[in-house]
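What follows is a single structure, written as structure tokens, with notes after it.
None of the figures in this text is laboratory data; all of them are computed from the coordinates on show. Predicted, not measured: the structure shown is a model, and the values here were computed from it. Methodologically, a virtual Cβ is constructed for each residue, glycine included, from the backbone with ideal geometry; neighbour enumeration extends over all protein chains shown.
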Amino acid sequence: MNDRSEKIRNILVPIVSVILGFILGAILMIVFGFNPIEGYSAMFNSAFQSKMSIGEILVGAGPLIFTALGFSVANSAGFFNIGLSGQALCGWVASIWIALSMADSPKIIVLPVAIIVGALAGAAAAAIPGLLRAFFGTSEVIVTIMMNYVILYVANHIVNHVMSPDIISNKGVTKAVGLNASLREPWLTNLFGGSRVNLGIILAIVFLVLVWFLMKRTTLGFEIRSVGLNPFASEYAGMSSKRTIVISMIISGALAGLGGVVYGLGTFMNYFVQGSSLSIGFDGMAVSLLGNGSSIGILLSALLFSILKLGGQGMQFSGIPSELANSVIPLIIFFVAINYIVRVALAKIMGGKKEVKTVQEVESAPNKESNKGGKV
């Protein structure tokens, strides 16, 4: 198959998925008697109406980048880390707890410690399914899904019954962290018209580069990708599949934990009881898939999702119900999920029957060993 055509298709698939999502969303609006042009105009006008709204787009994108990176690393090793929500929640709770417990310490000490502890908390949560997968062959999908609920209720118990009363504001709500532990900076707040934008987005961009370097330029990154492609061949080449599985899950959890840290120390500045799993975990999976796991793709996808979420609120002012306003993101995810059909359609347009056949053979080729990282 022509490598150039394949690269073009890899770029076009997410773009086409987004366009189709918008088109189907427009059709839904028409069916229910609403004007899609007015709806989408309201969406983008709301998202870009001021410096403050642009700042809020960056606020939403920061945690999504971290959870998307976490999913991408695990996915490269052949695993589906569905526990990003729980791991992010670990990072949120741990960072806030540390920050409030060190209220009188200088920022140069508190902030790095809170960030590191939050990342370690997420890593610890991900290490459990990683160890179970590596040594007992359990499904990381089932374990991580179940752990989302365990972590959710443990976190709520901690804030209600374990944290010191001195750091609790009301039942189930902690006090706000001080300036010594905040990711917000006055110059950023002023630059974006008083929005909640914080250093989290800068940290996220830094980690986009670091993860790219890890996966593409280091021996560990090569081992992670190799185990994801074929764990048996990797073992034969002298790599330890078990070690790589655990390490990839730990890195994935640490990145998700950092997403929770940004949520806590940047977006909300405190912790409050959660009624359900954090949306940034599941949204991060979609961001990673839409961005094809690449750093640039994840950055652009995170910004797009943040724009759609913020702009969706503006659509309601034009009379479109929230259910329809929030339908565009799931539709985009749907077209990402059926990217096989999109790829075949693009191959027909770009290359004719021969290239279609090649794409079908590649996409449908049996991949029993690499689909879930294989047995170890």
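Here are a few things to note about the model shown:
- Along its principal axes, segment 134-193 has C-alpha extents of 51, 32, 19 angstrom, given from the largest down.
- Cα gyration tensor shape of segment 1-146, rounded if a/c is under 1.5, else prolate or oblate by comparing a/b with b/c: oblate
- Taking each of Lys107/Lys171; Lys7/Lys309; Lys107/Lys175; Lys216/Lys242 in turn, the alpha-carbon distance tops 23 angstrom for Lys107/Lys171; Lys7/Lys309.
- Ratio of Rg to Rh for segment 156-222: 1.19 [Cα atoms; Kirkwood radius as inverse mean 1/r over pairs].
- Cα shape, segment 208-311, gyration tensor, a/c 1.5 rule: prolate
- The GluC sites (Glu not before Pro) found in segment 1-106 include none that occupy coil by DSSP while having at most 12 further C-beta atoms within 10 Å.
- Per residue, the chain reaches -23500 deg cm²/dmol at 222 nm when only DSSP H runs of four or more residues are counted, each adding -39500 (n - 2.57).
- Here segment 7-58 and segment 63-135 have alpha carbon centers that stand 31 Å from each other.
- Given R0 = 25 Å, the distance between the Cβ atoms of Ile296 and Ile19 translates into a calculated FRET efficiency of 0.85.
- Residues of the chain were split at every exposed loop site, defined as trypsin sites (Lys or Arg not before Pro) in a DSSP loop with at most 13 other C-beta atoms within 10 angstrom, and the longest piece left, sites excluded, is 172-367.
- The alpha carbon convex hull volume per residue for the chain rounds to 153 Å³.
- Average projection area in nm² (convex hull over Cα atoms of segment 138-287, one quarter of hull surface): 11.7 nm²
- Highest average first, the peptides 271-279, 200-208 ordered by how many other beta carbon atoms sit within 10 Å of their residues are 200-208, 271-279.
- In this rough spin-label picture, where each label sits 7 Å from Cα along the Cβ direction, the Leu28-Phe136 distance is 4.0 nm.
- Sorting 88-97, 253-262 by average packing, meaning the other beta carbons within 10 Å per residue, from highest down gives 253-262, 88-97.
- In this rough spin-label picture, where each label sits 7 Å from Cα along the Cβ direction, the Val206-Ala176 distance is 2.5 nm.
- Projected onto its three principal axes, the C-alpha set of segment 275-332 covers 37, 27, 16 Å, listed from the longest axis down.
- Between Ser164 and Lys51, the simple spin-label model (points 7 angstrom out along Cα→Cβ) gives 3.9 nm.
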